[in-house]
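Undergrad: Can you read through this structure? Questions will come right after.
The values are calculated or read from the model by the stated rules, or taken from the named source; none is laboratory data. Keep in mind the model is a prediction, meaning the values are calculated, not measured. Cβ placement follows ideal geometry from the backbone for every residue including glycine, while neighbour counts extend to all protein chains displayed.
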Amino acid sequence: MRRVPSTSHVRTRRFPTLLQGAAIGLALVAATAATARTPETTPLTDAAVRARADALLAQMTPEEKAGQLTQYFDFPVPAEAKRVADEVRAGRAGSLLFLSEPDQINQMQKIAVEQTRLKIPLLFGFDVIHGLRTIMPVPIAMAATWDPKLVEKGQAVAAAEARSVGIHWAFAPMVDIARDPRWGRIVEGAGEDAYLGSVMAAAQVRGFQGPNIGAANHIIAGPKHFAGYGAALGGRDYDEVDLSDNQLWNTYLKPFKAAVDAGAGNIMSAYMGLNGVPASGNHWLLTKVLRDTWGFKGFVVTDAGAAHDLATHGYARDNADAGVRALTAGVDMEMAPPFGESAYRTLPASLAAGKVTTAQLDGAVRTILETKIRMGLFEHPYADAGKSARILADPAHRETARIAAERSAVLLINDDKLLPFDRTRVKSLAVIGPLADAARDTVGPWVFAQDDKETVTVLAGIKAKAGRDIRVDYAPGVTMPARLFPSIFDAGVGKAAPRPDIDDATEIPRAVALARSADVAVLVLGEAQNMIGEFASRSSLDLPGRQQELLDAVIATGKPVVVLLMSARPIDMKGSKPTALMNIWYPGTQGGTAVANLLFGDAVPGGKLPFTWARDIGQIPLTYAHLTSHQPANAEKRYWNEPNSPLFPFGYGLSYSSFSFSNLKVARPSIAPGESVDVTVDMTNTGQRTADDVAQLYIHQRFGSSARPVRELKGFQRVTLKPGETRSIRFTLSPEELRYWTASSGTWVQDETTFDVWAGDSSAATLAATFDVKKP
Ligand code: NOJ
């Protein structure tokens, strides 16, 4: 175990004695020789890293140690830069967040490596959530690709761009399960499902980090927010969570475990707590589960201000107690405490008072130093601005963004095969909606270093694709309303663009007239980027402002209507039925190009919903993986006023082709506990176009130590097939997929039981088989 528990207080000297100094000198020389290889080419051995970190540790004062454990916000404004620079110079900061320009980063780094006593470089962190300059579709859209290789590639692009400017660490991926779309941060995760979420979590960690921590062009991944943050009551951001152990172990913790297994170098602790114990002071969570049980070897950072918050929660007595509790729980670094109120700044005094031990403090500092050593920061502390400019401009990155946007779109309705457009019939388009030409919204929330000028809006993409033969008219149709409470991202860092000044009363009739005079109306509706994300929860799933009125008025023209939804929530369109409906999420830098390719058939939609699309907000939370209870035959009638089923099921999405599934086979009728079993199914493209579908495997355990969900996803593969082509898809159900955590014994079990198995292209798949698990 990393932390050596000790009740005796060890007094630390401020400076080493002469003899110690000589010994440290020798150790440093040896450690430096052992680490002369650059970590970018050959990963350093654990022993070499440890020796170098320990040699440094031996020279550090408690104040310098506390400094290494403190991360400050550094917004690129002069007043902030000055006071942060002073903290760095004084050795009171080990890491900074929120710089993304090489010059600004190098300036701060220079202070650390030239003006501090021990010359320990700073670790620069940033919210690299779905790209830095090249913006990929938002994370939930990436999950909707059901394509982990692409997801990995997308984050590798983000990592290369980030590393080039001097960023070492992403506060991502967000792997929180979200089953309540009122919660704005649903956009940052992979949706409602533990299996899909785990696959996407691991893929993102691999993408960010590459083969090892310190790999060239890669950065540290920081899965967040550990743990359970997505279950905020009422979907209210930052609010209380009340999770059963069953939900916690079988659903919410799983993507974190997958991220740790994939080698994540960092974990961020959440704002809220479990069972009344705030996550950032939760020893059970951060030490017992994360380190002792899962073997996590990286460092834990709090969410911004969350150590200090332990007192806000009414958990710690004061700021000093908050520092003690966070460190004791297993937090290594305190993120962004309010200036001058850092909880970790009080650690030297707490050490002197015997409230924490040197071993505890050193344990935390060691994780930070080891990370800096592995990242090669002592050898290469600075960013190369020239090289960075080339990397940020790489056309291959835009290409990845375009492919990702095409593969993330989910086609939900396509009546009369309206899509793709038939160029012989469609000669004019009315492109309508407040999000049709909104570059800032097109890239979505959580981007700060993008170039809005290079973002291709849907209107721009359609215009470019339509060429000369198709007339394209445009009207925003309505204004996007302002939030009742402004977002923290609206000003400054969020770079929110001003909205056009529109009078809805005259604009709606103008848009309707355009629709009337066109062959097809394309409406781009949804939520502005600042209506989703952090601090952006919502008590409604309706289209904001007068968009619903606009939609109904356009549908009433009788013209074919395509709705492109730009959002990450299951928007409630109040029963209005456009001819075609495609969820395009926030599709990123190349969004407009991708959407145009999809509309005109140069790309075929193949994305699938990563969440259950409820009919309306009254059904929330609604997940396909629910438990059976009394009178399951009446499950559809749980409300007297509307069916309980969703509008669109989890895993659903149409194509321009069609697919069928047959020949579902479980390799053996019975397996022993601990054994794996193969399941095969034939997937056929029964349509006219080469296209993708996602073969999905679901299971249900009929009886056992706990009642289990009616269905659970346990495998998927996105496959491209030519017209008429059939492919046999093989899944392996291993003990990992068949076991679960049960409250009956408080452990993981694999029961002797019978499993139902379904395969198809959504959670409503009907092709079924069974197998038993029994001791031979
Ligand atoms: C608070 C958010 O909860 C977290 O996700 C983010 O990484 C930090 N702020 C830093 O911006």
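Undergrad: How many residues does the range 422-432 hold that are in a loop (DSSP other than H, G, I, E, B) and either modelled with pLDDT under 95 or surrounded by 22 or more Cβ atoms within 10 Å (Cβ to Cβ) (or both)?
TA: 0
Undergrad: Just to check your reading of the model, which residue among Pro137, Pro102, Pro181 is out of contact with any Ser or Thr (no Cβ under 8 Å at 6 or more places or on another chain) and of a type outside the set (Phe, Trp, Tyr)? Reasoning before the result, please.
TA: Numbers: Pro137 fails: out of contact with any Ser or Thr (no Cβ under 8 Å at 6 or more places or on another chain); Pro102 fails: out of contact with any Ser or Thr (no Cβ under 8 Å at 6 or more places or on another chain).
Criteria check complete, one pass: Pro181.
Undergrad: Another question about this same structure. Could you tell me whether any residue of the range 145-158 is surrounded by 24 or more Cβ atoms within 10 Å (Cβ to Cβ), aliphatic (A, V, I, L, M), modelled with pLDDT of 95 or more and within 16 Å of the ligand (Cβ to nearest atom)?
TA: Yes: the range 145-158 contains one or more residues that are surrounded by 24 or more Cβ atoms within 10 Å (Cβ to Cβ), aliphatic (A, V, I, L, M), modelled with pLDDT of 95 or more and within 16 Å of the ligand (Cβ to nearest atom).
Undergrad: Between a residue in the range 533-556 that is farther than 22 Å from Gly618 by Cβ and more than 16 Å from the ligand (Cβ to nearest atom) and any residue that is modelled with pLDDT of 95 or more and in a loop (DSSP other than H, G, I, E, B), which pairs come within a Cβ distance under 7 Å, given they are 6 or more apart or on different chains?
TA: From residues that are farther than 22 Å from Gly618 by Cβ and more than 16 Å from the ligand (Cβ to nearest atom), the pairs are Arg546/Val478; Leu550/Gly477; Leu550/Val478; Ile555/Ser576; Ile555/Pro578.
Undergrad: Let me ask you something else. Which ones in the range 172-190 are out of contact with any Asp or Glu (no Cβ under 8 Å at 6 or more places or on another chain) and away from the ligand (no atom under 13 Å from the Cβ)?
TA: Asp180, Pro181, Arg182, Ala190
Undergrad: Oh, and also: Quick one: is Ala201 hydrophobic (A, V, I, L, M, F, W, C) and either in a loop (DSSP other than H, G, I, E, B) or more than 16 Å from the ligand (Cβ to nearest atom) (or both)?
TA: Taking the combined requirement at face value, the residue does not satisfy it.
Undergrad: I would also like to ask the following. Out of the residues in the range 526-542 meeting the condition of being under 18 Å from Tyr229 (Cα atoms) and touching a Gly at 6+ places or on another chain (Cβ under 6 Å), tell me which one is surrounded by the most Cβ atoms within 10 Å (Cβ to Cβ).
TA: My answer is Ile532.
Undergrad: Got a sec? Which of Val113, Val128, Val165 is more than 16 Å from the ligand (Cβ to nearest atom), buried (at least 24 other Cβ atoms within 10 Å of the Cβ) and either farther than 27 Å from Ile368 by Cβ or among the aliphatic types (A, V, I, L, M) (or both)?
TA: Going through Val113, Val128, Val165 in turn, the sole match is Val165.
Undergrad: If you don't mind, another one. Please indicate, with yes or no, whether at least one residue in the range 266-283 is among the β-branched types (Val, Ile, Thr), buried (at least 24 other Cβ atoms within 10 Å of the Cβ) and within 16 Å of the ligand (Cβ to nearest atom).
TA: yes
Undergrad: Among the residues that make up the range 207-215, is at least one of them closer than 30 Å to Asp384 by Cα, within 15 Å of the ligand (Cβ to nearest atom), out of contact with any His (no Cβ under 6 Å at 6 or more places or on another chain) and not in a loop (DSSP other than H, G, I, E, B)? So that I can check it myself, show each step before the final result.
TA: Pass one, the range 207-215, residues closer than 30 Å to Asp384 by Cα: 207-215.
Filter again for within 15 Å of the ligand (Cβ to nearest atom), leaving 208.
Among the residues that remain, those that are also out of contact with any His (no Cβ under 6 Å at 6 or more places or on another chain) are: 208.
Still in the list and also not in a loop (DSSP other than H, G, I, E, B): 208.
Checked against the condition, which is being closer than 30 Å to Asp384 by Cα, within 15 Å of the ligand (Cβ to nearest atom), out of contact with any His (no Cβ under 6 Å at 6 or more places or on another chain) and not in a loop (DSSP other than H, G, I, E, B), the range 207-215 yields at least one hit.
Undergrad: Just one of the numbered conditions (1) farther than 30 Å from His397 by Cβ; (2) in a loop (DSSP other than H, G, I, E, B); (3) more than 16 Å from the ligand (Cβ to nearest atom) is not true of Tyr238; which one?
TA: Result: Tyr238 fails condition (3) only.
Undergrad: Would it be correct to say that Leu627 is surrounded by 14 or more Cβ atoms within 10 Å (Cβ to Cβ), assigned to a loop (DSSP other than H, G, I, E, B) and of a type outside the set (Phe, Trp, Tyr)?
TA: No; evaluated as a whole, the condition is false for this residue.
Undergrad: If a residue counts only when it is closer than 30 Å to Pro211 by Cβ, out of contact with any strand residue (DSSP E or B) (no Cβ under 9 Å at 6 or more places or on another chain) and of a type outside the set (A, V, I, L, M), which helices (runs of 4 or more DSSP H) contained entirely in the range 299-415 have at least 1 such residues?
TA: 358-374, 385-392, 395-408
Undergrad: Scan the range 332-346 and report the pairs whose first residue is of a type in the set (Gly, Ala, Ser) and whose second residue is away from the ligand (no atom under 16 Å from the Cβ), with Cβ atoms within less than 6 Å and a gap of 6+ or a chain change.
TA: Ala343/Asn319; Ala343/Ala322; Ala343/Gly323
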